Amino acid sequence: MRRDVFQAIADPTRRAIIALIAIQAMTPNAISEHFHTTRQTVSRHLRVLTECELVKPEVRGREIYYTLEMEKMKEIDKWLEQFRQIWETRFSQLDNLLLTIKKDNEK
């Protein structure tokens, strides 16, 4: 099944996993210690994140460490940017309106 990054971040546990490995690469066991769930459940979440290319597994000796793929995170940021611009425009319009009201009240 083809997944996209938005399916991956739709789940709060996967968002929490992303936040954890954004700080440092971690093994599935280390990640699972942060959740009240089984290692198998964490592994399923990691599989989805890997399929969406948000994380990358790296074999180091006998362990697999997961690291964040920043290029894929930029895809999310790019999508959010359109909304950020809308919000900033609306906040600017609100600021202008409040200044106008304040000036009118001072008269």
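FYI, it's all coordinate maths here, none of it is from the lab. In this text, all values refer to a predicted model and were calculated from it rather than measured experimentally. For neighbour counting, all protein chains shown are included, and Cβ atoms are generated from backbone atoms with ideal geometry for every residue, glycine included.
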Count of the range 26-69 residues which are part of a loop (DSSP other than H, G, I, E, B), touching an Asp or Glu at 6+ places or on another chain (Cβ under 7 Å) and farther than 15 Å from Ala8 by Cβ: 1
With respect to Leu94, determine if the residue is in a helix (DSSP H, G or I), farther than 22 Å from Leu20 by Cα and free of Cβ contacts under 8 Å to residues at least 24 places away in the same chain. yes
Please work out which one of (1) within 17 Å of Asp4 (Cβ to Cβ); (2) surrounded by 14 or more Cβ atoms within 10 Å (Cβ to Cβ) is the condition Thr27 fails and give its number. (1)
Can you pull out the residues in the range 46-90 that are on the phi > 0 side of the Ramachandran plot and surrounded by fewer than 10 Cβ atoms within 10 Å (Cβ to Cβ)? Gly61
Answer residue from the range 1-24, given it is among the basic types (Lys, Arg) and assigned to a helix (DSSP H, G or I) and is surrounded by the most Cβ atoms within 10 Å (Cβ to Cβ) among those: Arg14
Scan the range 1-25 and report the pairs whose first residue is closer than 21 Å to Arg39 by Cα and whose second residue is of a type in the set (Phe, Trp, Tyr), with Cβ atoms within less than 7 Å and a gap of 6+ or a chain change. Thr13/Phe35; Ile21/Tyr66; Ala25/Tyr65; Ala25/Tyr66
